[in-house]
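So the structure is just underneath, and the comments pick up after that.
Each value in this text was obtained by applying a stated rule to the coordinates, not by laboratory testing. Just so it is clear, the structure is predicted and the values come from calculations on it, not from any experiment. Every residue, glycine as well, gets a Cβ built from its backbone with ideal geometry; the counts of neighbours run over all protein chains shown.
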Amino acid sequence: MNIAVNLTPAELALGGMMLPHARMEDWRWTNLRTLIDRPYPPGGKIAVAAKEIARLRDTSPLARMPAARLVFVNGAFSQGESRFPASGEVGIRPGLPRLSASDEPVASLNANFATDGLTLTIRSGANIDTPIELLFLATDADPRTIATRVAVDIGAGASATLIETFAGEGSYLANSAVSIALGEGARLDRVTLERQAPGAIHLADRDVTLQGRAVLRDFTLTAGAKLNRQNARYTLAGEHADARIAGAYLLGGRQHADTRLVVRHAKPHCTSREIFKCVMDDHARGIFQGKVIVDPGAQKTDGKQSSHALLLSETAEFDAKPELEIFADDVVCGHGATSGDLDHNHLFYLRSRGIPEREAKAMLVAAFVEEAFETIGNDHIRAALGEIATGWLASRGGAS
Amino acid sequence: MADTDTIELVKDIDVDKYKYGFTTDIESELAPKGLNESIVRFISEKKREPEWMLEWRLGAYRRWVEMTEPTWARVHYPKIDFQDLHYYAAPKSMAAPKSLDEIDPKLLETYAKLGIPLKEQEILAGVRRQGESSELDSEGGGETAGRVAIDAVFDSVSVVTTFKDELAKAGVIFCSMSEAVREHPELVQKYLGSVVPQGDNFYAALNSAVFSDGSFVYVPPNTRCPMELSTYFRINERNTGQFERTLIIADRGAYVSYLEGCTAPTRDENQLHAAVVELIALEDAEIKYSTVQNWYPGDKEGKGGVYNFVTKRGDCRGRNAKISWTQVETGSAITWKYPSCILRGDNSRGEFYSIAISNGRQQVDSGTKMIHLGKNTSSRIISKGIAAGRSDNTYRGLVTAHRKATNARNFTQCDSLLIGDKCGAHTVPYIEAKTSTAQFEHEATTSKISDDQLFYCMSRGLSEEEAVALIVNGFVRDVLQQLPMEFMAETQKLIGISLEGSVG
Amino acid sequence: MILNGLSLTVNAGEVHAIMGPNGSGKSTLSYVLSGREGYVVTQGSVTYRGQDLLAMEPDVRAAKGVFLAFQYPIEIPGVATMQFLKVALNAQRKARGEKELSTPDFMRLVKARAAKLGVSQDMLKRAVNVGFSGGEKKRAEILQMAVLEPSLCILDETDSGLDIDALRIVADGVNALRSPDRAMIVITHYQRLLDYIVPDVVHVLSQGRIVKSGGKNLAHELEERGYAQFEKDAA
């Protein structure tokens, strides 16, 4: 059967690449064909003054934290703006890493349009105390697609803290592909801070593989961009691997965020936990699609997932699809999902003790997302991101 | 009590696991194989239908021709050749409607063998026996609770409907769909297709074009149906499909409880069953619909068995309406079935209680949709899936609250139990909250029967198989309790049988 | 209609007990006074220090010194008790135009008050009322009262669910807060609590109104003869 499709202006600008739409199961709630309503042609080089970059960089709540910082500006790795890790056990190789073939739309967007990237390697057994931040900045310029690609390889028994921060100004489509390999017994604390410009689109694809006894702590705060889609695949490829994956949404206005998570237990005796806390105000729409797969033979799997939504306005929306796909019998798996508004009893109790309504609401929002933030191992990062959550409601004005 | 009953019953299991697999040797009248407009006309003519019914069927057929089979369910089977089936089969002796005394004794015998006596005096005798047997029964209501009116459907036709006169006294219409089209056209025209439209999905369109028999129930305003209603479906003929259509209307303030049971002979070929059930509950009305589905599941290697592609939907059309689905799914090679509730009226309530057991090579993809449209609507989903052998068992469900469904409430609990390491259990829920005042709670777990539990039971003298049956009965208890009590014991027995051979 | 024709005047420094059988409207009274949503006052007024209490939001009432010790304290996961108390105290101080307490000053205050009530540091670190036993919840309520220093304390069935030792600790805590410029309304079903918190006036509430008022001996009378006689009067 041959179906004639009229390409949208956005698709034409991407060289005729067809964007995902609601008839595709994984995209049922995020129809990019209609949501991306203007063209974002592949971006070329843009000259930016150092002062501009510094100004943008300093808006990050993590700007003053001691860290090695690898800076991308408008999709180009800027060695000049970067502060390389002091340790000789960290290797950084600029240039596009290889991307494993995928027909996933966000990944293929990256395969077609990524302009720059790097490969980061941590030597086996090395313990890197200072966090390494990958900072992706976009400056205010014509609407365009900015695509970057990063590969991370953590050697056996090594440990590190890795931050990905996305920030910018203006109107752009940011596409990011990250692949991470954790060696035998490696440990990675990973934090993503998505604070893209209010007019931006963020489409990210992430692929993480854990070997035996590897430990992953992964937290993503989704607060920016008008349209956000994050794919993440985690494969527990060795026995006794342990992954804790958390996220929080703080969405207002007409923001739209969709996370599609797939956790695959390929080997026995692994543990996975997912905890997502989604707060939506105004007309915002949050979506969480999480799937736990237990392969045949992956006995003694312990996999649990939870997603909870807090809707602060009657016009906010939440959609969830927490899936289990299980092919081994000796497992303990489960998921929970809830959606609702603020608990009126909680609000009354706080107010009966003299806390004004706005403040009480802000406290309850912060308390709601708290459990997800506990996944962040680094105290400094947790505190800095926690402040975003605490101040979020107040910073948005309008909300009552 | 219930548990010891189960153990006793499990002990009695025939060597042949599927005890309903016998064939009735009866001469049938068949429509020629294949589906086209003239077959649709043939069926309509056989049923002596009015013109409007034929037009409705033809409309559905024309839509069906344009549609493609759905592929999103987690079930795999060779492509069905829809032109290689008979769309109508009826015992020749059923050429004209008969009174009970005139029914072909072979048919009566068939139903007796299935444990479904069709003569009213036998039914009463049977119930008395049952009433003495178990303490479970004493939990339930008064004298009339044990009586069940039955519509027996054999291939494409209704054989007989019992207790019709007594029901008529209460104003309740309970008859075959064919009869309803002729005798109560105003009701059929008003409600048929109003919940599941002709073009709703591929199988619903197919059913709308060729539906054979099924039950029609109308309960007038402020009437409590004086007894349980039940339909017993039997596919006998080779290479046929059964396409029954059931329509139940509970008018304002009415109450009705309805149960369907299904079996089919053991045959090497697959049989197709594509039913449509529509429920309409008006203001303050309540419909309780229970299914014990035990179609032939195919043999251990997956040969034969019924393809069960069913569309069931209820519409809570008025304020305070309530629709409750309870299903026990143990049969069929493939099950594709999502009994749903449209909660349109304010304060209306939908419930879905399900036990789905798969063994051998069975594939189950089943669940529900709760669509909250009205204010203060509530729904509850309890699903218990048990996968054994090499089967796949999927729960698929949708809970959605529309923007105006202020204060919608849903609670969902989906539990899966795996027996053996060759089977799969899957959970695919969709949750959509379009208003902040909706409170949704969804929980799912997957586990196996713990070795500790098994050991504990066995140390008390149970065999492993008995222990499994016992534990599974405990696992499904919440749902079992929703069944009309007449069917609880039967169902517990069925659970034991379905899991036979799943351990060791 | 839950409360109907209830009239009550409580002066500073006084402790009033309100006794009544289940369903007489005791808890409703406490919720109406503290401003819980879901209660509509169709008639009548509540004047608190010359102001219309019913016109105030719950947090404004609290800042003006109204405190309700809940019969069933609410559990709030994720909000640490210590943080909760600090935000509450400083919000009230701010509303009254007072200077906010610094963290060390606040800690000193809470620790001192907590010790007297046998509230452990561990409890203070935990989320508000989450995982607290019945007795711990009631002690935490009294601790909040001690820290926030209200001028009108409403104790709703504070004795329910307490064993005799816990009751004594809670009562001691309450008695320590009695002062000439603080009024208390003690709502209870049983006379037992009033052996420890001795009231100045006892009121009997039945079918939404006060059917009898008297001195502390009225409580003993009730204990001996039950509520039935008063219910007759009310009917």
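Can you show me the helix-derived [θ] at 222 nm for the protein assembly as shown, built from DSSP H runs with n ≥ 4 at -39,500 (n - 2.57) apiece and divided by the number of residues, rounded to the nearest 500. Display every interim value, and only then the final one.
Working: 30 runs with 295 residues, N = 1139.
So the calculated ellipticity at 222 nm is -7500 deg cm²/dmol.
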- Mean 1/r over all different Cα pairs, inverted: what Kirkwood radius does region C:15-234 give, in Å? 18.2 Å
- Query: Taking the Cα centre of the protein assembly as shown as the origin and placing charges on Cβ (Lys, Arg +1; Asp, Glu -1), which of B:Gly331, B:Met370, B:Phe42 is farthest toward the positive end of the dipole?
  - Reply: B:Met370
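What percent do you get for the relative contact order of chain A when only Cα pairs under 8 Å and 6+ apart count?
On the way: 1070 pairs, mean separation 37.5, N = 400.
Here the relative contact order equals 9 percent.
Average partner chain C-beta neighbours within 10 Å, per residue of C:86-96?
Working: counts 0, 9, 10, 3, 3, 8, 4, 1, 3, 3, 1.
Going residue by residue through C:86-96 and averaging, the value is 4.
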- Choose one of A:Ser82, A:Ser171, A:Ala147: the residue whose Cα lies farthest towards the positive end of the charge dipole of chain A (beta-carbon charges +1 Lys, Arg; -1 Asp, Glu; about the Cα centre). A:Ser82
- Message: Between 0 and 90 degrees, rounded to the nearest ten: what's the tilt of helix C:134-148 against the longest Cα principal axis of chain C?
- Response: 70 degrees
- Note on the structure: Neighbour-count ranking for C:Val40, C:Val46, B:Val188 (other C-beta within 10 angstrom, fewest to most) reads C:Val40, C:Val46, B:Val188
- Fewest Cβ neighbours within 10 Å first, please rank C:Met145, A:Met24 accordingly. A:Met24, C:Met145
- Task: Any lysines with Cα under 16 Å of the B:Lys300 Cα? List them, leaving off those in the same chain fewer than 8 positions away.
- Result: B:Lys17, B:Lys19, B:Lys422
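Just counting partner chain Cβ atoms within 10 Å, what average do the residues of peptide A:148-158 show around their Cβ? Write down the numbers at each step before the final one.
Values: counts 0, 0, 0, 0, 0, 0, 0, 0, 0, 0, 0.
Average neighbour count from other chains, rounded to a whole number: 0.
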- So for R0 = 41 Å, FRET eff. of A:Arg396-C:Leu54 from the Cβ-Cβ r, to 0.05, ends up at 0.85
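Gain in length, B:Asp451 to B:Asp268, computed as 0.36 nm per residue apart minus the alpha-carbon separation, to one decimal in nm?
Value of the extension gain: 62.2 nm.
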- GNM on chain A, C-alpha springs below 10 Å: top fluctuator among A:Glu194, A:Glu169, A:Glu325? A:Glu325
- Item | Highest-MSF residue in chain C out of C:Gly35, C:Gly65, C:Gly50 [GNM, Cα springs under 10 Å] | C:Gly50
- Message: On C-alpha positions alone, give me the angle between the axis of helix C:103-116 and the longest principal axis of chain C, in degrees, nearest 10.
- Response: 50 degrees
- Item | Cα centroid of region C:32-104 to Cα centroid of region A:5-63, whole Å | 48 Å
- Message: Checking understanding here: applying a Kyte-Doolittle mean of at least -0.5 and a length along the axis of at least 18 Å (C-alpha), which whole DSSP H helices in chain A pass?
- Response: A:357-373, A:379-395
- Give the percent of DSSP beta bridges with both residues in the protein assembly as shown that are antiparallel, rounded to the nearest 5. 15 percent
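Between their Cα atoms, which of B:Lys164/B:Lys493; A:Lys300/B:Lys303; B:Lys47/B:Lys190; B:Lys79/B:Lys303 are more than 22 Å away from each other? Let's see the in-between values first.
Details: B:Lys164/B:Lys493 30 Å; A:Lys300/B:Lys303 33 Å; B:Lys47/B:Lys190 20 Å; B:Lys79/B:Lys303 15 Å.
Pairs exceeding 22 Å: B:Lys164/B:Lys493; A:Lys300/B:Lys303.
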